[in-house]
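Asker: Below is one structure. I have some questions about it.
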Amino acid sequence: MAGGFPTDTRGNGLTGIVPVLFAGAIFAYFVSLMPAIAANEVIRVSIPWIPSLGIELAFLVDGLSLTFSLLISGIGTLVLLYSNTYLAGHPQYARFALFLTAFMLSMLGLVLADDLILLFVFWELTTLTSYMLIGFSHEAEKSRRNALQALFVTGAGGLAFLAGLILLAAASGTTSISGIIAQGNALKEHAMYLPILILLLAGTFTKSAQVPFHFWLPNAMAAPTPVSAFLHSATMVKAGVYVMARMHPAMSGTDVWLWTLTIFGAVTAVFASLLALRQTDLKQALAYTTLMALGTLTLFLGQESGYAMTAFATFLIVHSLYKASLFLVVGCIDLSTGTRETDHLGGLGRLMPVTAVAAALAALSMAGFPPFLGFIGKELKYAGAIAVASEPLFVAGAALLSNALMLAVAGVVAFRPFWQGSVPSGQAPREAPWQMWAGPIILASLGAVFGIYPDLLQVALINPTVISLTGEVGEAKELKLWAGINVPLFLSIATFVLGLLFYKFHVQLRAKLEQGFQAIPNLDHGWDRFLDGLKGFAKWQTLLVQNGKLTSYLFATFLTIAAGILLTLLYTGMPMIAVDLSDVEWKHTSIALLTIAGALLALVTNSRIAGIAALGVVGIGIALIFIVFSAPDVAITQLLVETLVVVLVAVVMLRLPSLPKAEFRLGHAALSIAVGASVSLILIAVVSSPLDLRLTDYFEATSWPEAYGRNIVNVILVDFRALDTFGEIAVVVIAALSAYALLRTTRKGDQK
Amino acid sequence: MSWLLALPIVVPFLTAVLAFLTRQSPLGRWISVAGSAVLLFASITLMNTVLRDGVIAGQMGGWAAPFGITLVADLLSAVMVLITAIVAVAVSIYAIADVDEGMERLGYHALFNMLIAGVVGAFITGDLFNLYVWFEVMLIASFGLLVLGGRPEQIDGGVKYVALNLVSTIMFLTGIGLLYGMTGTLNMADLATAVDDADQRLLTIVAVLFMIAFGVKAAVFPLFFWLPASYHTPAFSVSAVFAGLLTKVGVYALLRMFTLVFDHDTAFTHTILLWVAGLTMVVGVLGAAAQSDMRKILSFHIVSQIGYMILGLALLTPLAIVGAVFYLVHHIVVKANLFLIAGVAQRIAGGTELSRIGGLYKSAPLLAVLFVVPAFSLAGFPPLSGFWAKFLLVKAALDVQGWIIAGIALAVGLLTIYSMTKIWAQAFWEPHPDGIEPKLSSLSSRDRAAMLIPIAGLAVLTVIIGVMPEPFVQFAEASAAQLLDPTAYITAVLGEQP
Amino acid sequence: MEFLFAITVGVMVSAAVYLMLSNNLLRFIFGLVLISNAANLTIFVSGRLTDGAPPLIPEGADAPLVDVANALPQALVLTAIVIGFGLFAFAIVLVFRAWTTLNSLTPDDMRLAEPEEAQK
Amino acid sequence: MNSVILRVGTRYLAGILLVFSFYMMLRGHNEPGGGFIGGLTGATGFVLYAIACGTQDARAALRVLPQTIAMWGLGIALLAGLFAALFGDALFTGQWLFIGATESDKGLPLSTVLVFDIGVYLVVFGSILTLVFAMEEEV
């Protein structure tokens, strides 16, 4: 990228232009909705999606969602236009445009959805598409890591969020968001309010990168600059803010809502401003100012007053405009000079005048100078802070500090590279092509236009948005540049003084901050440790259970059997057992003993031949049992099969090494006995009550008259249960084929 | 009516016989494809009939239940047969490219169709001993398919697979003997009422025995070892069909037996199942996190996902069973597909070990798209099928205040995302370590079509289930209602009871 | 007398389990044969034992004239024996194949499918 | 094993076993026996033949590949079951034809059940020989 602007500024042909026109058309559509919304209308469309779960494809346009939609589609259009030149000729531009457009649409779906589950669908889609965008430079290790980090952190929050949504839907009895809001205070009084709140905030805080979940956001800078501009201004990170705003009427007003949002918001705002000042990379510095903005927005949402709500709505718009603008400017600087390090930049103002103007306009708005919208935003901020009944000092203090730091950062990012120092040697910067300065200029100018004519914004967007936030008409405060001499004005002046001081000494401050932050644990490194720990734990666990040793597997399986039966026995108590030995004859005993002897011989022998003989003895013992107990067919089959078994074992055995000497293992022995004993016990219990012989009676009665056979066993096999026998012979065929295949591939393998 | 039930079993057997007799010529593989298509047709007809008429039963050999063998299809059986047929069609087409002539001559197509026959038989039989027989048909065919090719790691995996599955089989057989000894019947509908007269303590013990036997088949904790030991070794078509179908037969059997027959002490049996579900999910997903081979990762995920299905059964609420049924169907489609995709990756990028491949995103974008759909569906991203499956189960768990198990289910979902992105990042995003650019065009046009058409088809199905879940949810609801109130099932098999 | 054979089954199962755990595939095969037989015997005993009355219908009669042995478990056992044989035949060939390919009969040493280095 | 006597002897023995195996199969419906026992007996004959004269000779005497026999057996068993479809009966419903039946005697029964048992016989016969021949040749 260090090679300056693309020489061919026509971009990527149709692939580049179509998305711009598409996004522009969407923007135009939302503009056309403005009059209706300004007249306090609410537009809702819904079609059934999953009626059996009560989930609808419901979309709602009100002040809040329209404001977001305009920002998303408007900035989206400019970003796509910008990207088309920024990434001109990139071989994967089509994918880029596709993901960016998909991301924009997901974000629009998110802010328009009027169904909790539908909202979650879009929520996750923004996660997924942003993953693809952050990892766009996928051949770089860092891109992949950071994309995963963003996905994992927001994904984790997303799952908690899902649980919260499910509980919320259960508590409200509906998944419709407007339906929930219509229920008024019902949710706040619900027993599940607190868990729902915690889970939802887990989702919104991770997505909106509140401290301590903030670390993924600066890393998301791995994405191409236009993506950062989009992600940071109107989308992705604003999704969490949006959801908090959306749920504001239904959930705000409780102490836990107030304090959670206020504290997280304030801490994030101050912490992020300090971090921002520390950065020397322009993009990183801007990234941390985004955190500050998100903290501030969260802080406002904690409150309920009309001031706070108006401030929220205003600052939301202000921030989106100047942030998108500044990121795009940084992209221009980056392409033009090949660096984003403040220390290697200077004197660009004369060489890139249009960009410089855009940067200046945006920075002034960011810094909160009059007559920019940023100034109005800041005034409202202070007014909102003072309106907080409980702790005005804390809130106003946090706002003052973060605003002053913001001013300093604005200077570092947008003033210093253009108007201080001179162009370092080796750089040949020139003005960006129009496609790349158009966006910044338009967005930054809007900040000035709205500052001078705040009424435009007031009627069209601010008032309707505040209605969405409070659920009531007339709560919105007036936006004006000159509000008279009051506390906010003094605070503004204090901000300027403090901010200019910060800017003047920012290099020294940076060094101090550098030292200060050494002491705080770095969550980004923590992430690596977490991932390593996870992998390590997974490996350890897998090595424990899946150790590659058949004996362990078998041991675990048999242990499960024995423990399963014996513990169940403890739970149920002993089943009924009746032992009747009256009809045992000596021939029964001797056959049983013969079989047992065979089994024991097979157990203890170290000789292959003796083992085979022992199996033969067992086979004959079993066959004798079948003969004595009136099963001639089974007995013949058993004998024939047993012969084959012994023959097969003998044939194979000739080629195999002799048995190693058996070692006695107590654990194995205990387990074996436990398994055997449990089987015996169940079998004894089973035969202790009489058997229901209806099936056998039926077979005896119908075998000859209806199936024309006198051998009942054979009739069962070929007629009553012929399907079993069919399956059985299928097994035999397959066994033969499989064994044949196994033997034949041996030969092929050996020849290799 | 009875032929409607018999055909899905008969067709793959006939296909197997014909494919075997023509195994020396390329005709065999086309017979296999045609046979699968006929099976698909038969199972669609079956599904239509079940949707229209409710549970249907057919008495084989014309002998009335419970004396002969009854085949019976309720919605669950019908959908399992249908999805089996879909996988069979997909895999038999894929096999054209994946299975070499040497394997064909040794009877690959016959074994494959016998496997399908066994799976279908297990889904559709209403007789416990007959279920055992179909389990065996499936098992022995899977033995053959697993070691076909005879590479040393196949033999090694085969030894473990065979040993542990034989233990399960023998447990199952023993259980059937004992249950018969207690009730005097083998017909599952008849058993549902006959067990009421048996010693309830003994019944619980025998229930646990069945739970363990089916648990091995379903690959739940702590009985799943055979699966990760072997599933990554055979041909890709084989591991796809194994991954899709085999463990599901175990899940199906659990679902069937523990709603129909063993529902006398659910406070005990289903609490065990709940623990099993949680542990299976966690251990499986951690196992996957420890792997670095695509197929091994996917294998461990089968284990983990089985946990979700067992969770549905364990909770035993209508919504939970809906979730289990939905999950079952979704998972078969997605998991079979992922193994098929791994096969393509192996062919064009030269392996499935993640550290040795890469660059697929750059040079094979179509494959990347086809991977993203099932992979992110498996990870539970909306609006893909896996999201709804997980959503239903988590909701079911939360509805009964199962906070911990719901938390586990969600956390496991997160780790699933982790594994899927690991594959994505390493096989797709990262450049190939040897600097080559794997391209789909390196496949012959026949192979490319044979491999990509089934993959695309299954991916489309995943998207359809995800975007239009309503009919599937409704179906799962109806199916769950049948499972939780087996009256219709019992009446269909045994006729009106006095 | 069912009791007697229930004990026999238990002893066979115990011996079989111990053999299967012995980390030697030949002993595993021995165990497999034993446990299959034990399972068959379980079904047979579950169907109750009748001495000296095979389930055959004599010429000229429509049904057995005396109380004959329970035919159903016999049919089941017959099926199970055959299936068991099929499984066994495959298993023994597999053991043979394992020996010729992997040159080992101790399954715990077979680490090709799950190599040790991959798990460290 | 080069004994001529043994070879000639086994040839006869194999023939006898084969005939005996048919008998076992046919009588199975009424007395102990049946397709499985028959098939095993028949296979034993050929196994002996193979041991005495080598698998080469045994395969030649068989003319058809044993696995093909087994697969035909499976097909025949399946067709026996499918035959019922012609009469609108369920799969594996026995179809009987009594040749020369009179009031008192049912005559010579021909049935699909018998065909099924023949299928079983062929499957067992073919499968065992597939296995044994392959083992003999490999081991």
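Asker: Could you tell me whether region A:573-587 includes any residue that is exposed (fewer than 15 other Cβ atoms within 10 Å of the Cβ), within 30 Å of B:I272 (Cα to Cα) and aromatic (F, W, Y)?
Answerer: No.
Asker: Out of B:V89, B:V167, report the one residue that is in a helix (DSSP H, G or I), among the hydrophobic types (A, V, I, L, M, F, W, C) and over 30 Å from C:N40 (Cβ atoms).
Answerer: The conditions single out B:V89.
Asker: Could you check, for region B:94-112, whether at least one of its residues is within 29 Å of B:A73 (Cα to Cα) and at the interface with chain A (Cβ under 8 Å from one of its Cβ atoms)?
Answerer: Taking every residue of region B:94-112 in turn, at least one turns out to be within 29 Å of B:A73 (Cα to Cα) and at the interface with chain A (Cβ under 8 Å from one of its Cβ atoms).
Asker: Considering only helices (runs of 4 or more DSSP H) fully contained in region A:443-552, which possess at least 3 residues that are more than 30 Å from B:V159 (Cα to Cα) and within 14 Å of another protein chain (Cβ to nearest Cβ)?
Answerer: Of the helices (runs of 4 or more DSSP H) lying wholly inside region A:443-552, those with at least 3 residues that are more than 30 Å from B:V159 (Cα to Cα) and within 14 Å of another protein chain (Cβ to nearest Cβ) span A:523-545.
Asker: Also, quick follow-up: Out of everything in region A:638-657 that is under 60 Å from the mean Cα position of the chain (by Cα) and within 16 Å of C:N40 (Cβ to Cβ), what residue ends up being farthest from the other protein chains (Cβ to nearest Cβ)?
Answerer: Within region A:638-657, the match that is farthest from the other protein chains (Cβ to nearest Cβ) is A:E642.
Results for (1) within 7 Å of another protein chain (Cβ to nearest Cβ); (2) part of a helix (DSSP H, G or I); (3) surrounded by fewer than 24 Cβ atoms within 10 Å (Cβ to Cβ), shown as yes or no for each residue.
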site: C:L4; (1), (2), (3): yes, yes, yes
site: C:S14; (1), (2), (3): yes, yes, no
site: C:L19; (1), (2), (3): yes, yes, no
site: C:N37; (1), (2), (3): yes, yes, no
site: C:L41; (1), (2), (3): yes, yes, no
site: C:L49; (1), (2), (3): yes, no, yes
site: C:A53; (1), (2), (3): yes, no, yes
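Asker: Looking only at region A:668-680, filter to residues that are more than 8 Å from chain C (Cβ to nearest Cβ) and touching a residue at least 60 places away in the same chain (Cβ under 8 Å); which one of those is farthest from A:D580 (Cα to Cα)?
Answerer: Of everything passing the filter in region A:668-680, A:A674 is farthest from A:D580 (Cα to Cα).
Asker: State whether the residues of region A:593-605 include one that is farther than 20 Å from C:N40 by Cβ and either part of a helix (DSSP H, G or I) or of a type in the set (K, R) (or both).
Answerer: Yes, because at least one residue in region A:593-605 is farther than 20 Å from C:N40 by Cβ and either part of a helix (DSSP H, G or I) or of a type in the set (K, R) (or both).
Asker: Of the residues A:A538, A:A599, which is within 30 Å of C:Q74 (Cα to Cα), buried (at least 20 other Cβ atoms within 10 Å of the Cβ) and in contact with a Leu (Cβ under 7 Å, 6 or more places away or on another chain)?
Answerer: Being within 30 Å of C:Q74 (Cα to Cα), buried (at least 20 other Cβ atoms within 10 Å of the Cβ) and in contact with a Leu (Cβ under 7 Å, 6 or more places away or on another chain) holds for just one of A:A538, A:A599, which is A:A599.
Asker: Would you be able to tell me the number of residues in region B:196-225 that are aromatic (F, W, Y) and within 7 Å of another protein chain (Cβ to nearest Cβ)?
Answerer: 1
Asker: Against the definition (free of Cβ contacts under 8 Å to residues at least 60 places away in the same chain, closer than 30 Å to B:G149 by Cα and more than 8 Å from chain B (Cβ to nearest Cβ)), how does C:D109 come out, yes or no?
Answerer: Criteria met by C:D109.
Table: residues versus (1) under 26 Å from the mean Cα position of the chain (by Cα); (2) in a helix (DSSP H, G or I); (3) away from every other protein chain (no Cβ under 12 Å).
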| site | (1), (2), (3) |
| --- | --- |
| A:L60 | yes, no, yes |
| A:T67 | no, yes, yes |
| A:L70 | no, yes, yes |
| A:N84 | no, yes, yes |
| A:P91 | no, no, no |
| A:M107 | yes, yes, yes |
| A:T126 | yes, yes, no |
| A:S130 | yes, yes, yes |
| A:E139 | yes, no, no |
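Asker: Sticking with this one: Restricting the search to region B:401-414, which residues are closer than 19 Å to B:H331 by Cβ, more than 8 Å from every other protein chain (Cβ to nearest Cβ) and either β-branched (V, I, T) or out of contact with any Phe, Trp or Tyr (no Cβ under 9 Å at 6 or more places or on another chain) (or both)?
Answerer: Within region B:401-414, B:I405, B:I408, B:V412 qualify.
Asker: A further question follows. Search region B:60-89 for residues that are within 14 Å of chain D (Cβ to nearest Cβ) and pair each with any residue that is assigned to a loop (DSSP other than H, G, I, E, B) and of a type in the set (V, I, T) when their beta-carbon atoms are under 6 Å apart and the residues are at least 6 apart or on different chains.
Answerer: Listed by first residue and then by second, the contacts come to B:G61/D:T93; B:G62/D:T93.
Asker: For region A:696-715, give me the residue count where each residue is of a type outside the set (S, T, N, Q) and surrounded by fewer than 24 Cβ atoms within 10 Å (Cβ to Cβ).
Answerer: 10
Asker: I'd like to check something: does region B:230-249 contain any residue that is within 11 Å of chain C (Cβ to nearest Cβ), buried (at least 23 other Cβ atoms within 10 Å of the Cβ), without any contact (Cβ under 8 Å) to a residue 12 or more places away in the chain and in a helix (DSSP H, G or I)?
Answerer: no
Asker: Is it the case that region A:621-634 has a residue that's in contact (Cβ under 8 Å) with a residue 12 or more places away in the chain, surrounded by fewer than 19 Cβ atoms within 10 Å (Cβ to Cβ) and touching a His at 6+ places or on another chain (Cβ under 8 Å)?
Answerer: Yes, there is a match, as at least one residue in region A:621-634 is in contact (Cβ under 8 Å) with a residue 12 or more places away in the chain, surrounded by fewer than 19 Cβ atoms within 10 Å (Cβ to Cβ) and touching a His at 6+ places or on another chain (Cβ under 8 Å).
Asker: Pick out the one residue from A:G179, A:G135, A:G173 that is touching a helix residue (DSSP H, G or I) at 6+ places or on another chain (Cβ under 9 Å) and under 21 Å from B:Q401 (Cβ atoms).
Answerer: A:G173
Asker: I'd like to check something: does region A:571-586 contain any residue that is over 17 Å from C:V11 (Cα atoms), part of a helix (DSSP H, G or I) and within 14 Å of chain B (Cβ to nearest Cβ)?
Answerer: Checked against the condition, which is being over 17 Å from C:V11 (Cα atoms), part of a helix (DSSP H, G or I) and within 14 Å of chain B (Cβ to nearest Cβ), region A:571-586 yields at least one hit.
Asker: Further question: Regarding D:L74, is this residue exposed (fewer than 15 other Cβ atoms within 10 Å of the Cβ) and either within 23 Å of A:V641 (Cβ to Cβ) or not acidic (D, E) (or both)?
Answerer: Against the criterion (exposed (fewer than 15 other Cβ atoms within 10 Å of the Cβ) and either within 23 Å of A:V641 (Cβ to Cβ) or not acidic (D, E) (or both)), D:L74 does not qualify.
Asker: Then there is this: What number of residues in region C:55-105 are more than 7 Å from every other protein chain (Cβ to nearest Cβ) and surrounded by fewer than 18 Cβ atoms within 10 Å (Cβ to Cβ)?
Answerer: Result for region C:55-105: 9.
Asker: Something else about it: Given D:G45, D:G33, which one is over 11 Å from the mean Cα position of the chain (by Cα), away from chain A (no Cβ under 12 Å) and surrounded by 15 or more Cβ atoms within 10 Å (Cβ to Cβ)?
Answerer: Testing whether each residue is over 11 Å from the mean Cα position of the chain (by Cα), away from chain A (no Cβ under 12 Å) and surrounded by 15 or more Cβ atoms within 10 Å (Cβ to Cβ) leaves just D:G45.
Asker: Taking B:E477 as the residue in question, decide whether it is within 14 Å of chain A (Cβ to nearest Cβ), in contact with a Gly (Cβ under 9 Å, 6 or more places away or on another chain) and charged (D, E, K, R).
Answerer: No; evaluated as a whole, the condition is false for this residue.
Asker: Taking only pairs six or more apart or across chains, which ones have beta-carbon atoms under 8 Å, a first residue in region A:717-734 that is under 16 Å from D:M25 (Cα atoms) and within 7 Å of chain B (Cβ to nearest Cβ), and a second residue that is modelled with pLDDT under 95 and surrounded by fewer than 24 Cβ atoms within 10 Å (Cβ to Cβ)?
Answerer: A:D719/A:A707
Asker: If I ask for residues that are more than 16 Å from A:L53 (Cα to Cα), buried (at least 24 other Cβ atoms within 10 Å of the Cβ) and not small (G, A, S), which ones from region B:314-326 would you list?
Answerer: B:L315
Asker: Answer with yes or no whether A:V718 is surrounded by 24 or more Cβ atoms within 10 Å (Cβ to Cβ), in a helix (DSSP H, G or I) and of a type in the set (V, I, T).
Answerer: yes
Asker: Still on this structure: Inspect region A:351-370 for any residue being surrounded by fewer than 23 Cβ atoms within 10 Å (Cβ to Cβ) and of a type in the set (V, I, T) and give the result as yes or no.
Answerer: Yes; the residues of region A:351-370 include at least one that is surrounded by fewer than 23 Cβ atoms within 10 Å (Cβ to Cβ) and of a type in the set (V, I, T).
Asker: Among the numbered criteria (1) crowded, with 24+ Cβ neighbours inside 10 Å; (2) at pLDDT 85 or above; (3) over 11 Å from the mean Cα position of the chain (by Cα), which single criterion is violated by D:G28?
Answerer: All conditions pass for D:G28, except number (2).
The values are calculated or read from the model by the stated rules, or taken from the named source; none is laboratory data. Quick caveat: nothing in here was measured; it's all calculated off a predicted structure. When we count neighbours, we look across all protein chains shown, and the Cβ atoms used for this are built from the backbone with ideal geometry, even at glycine.
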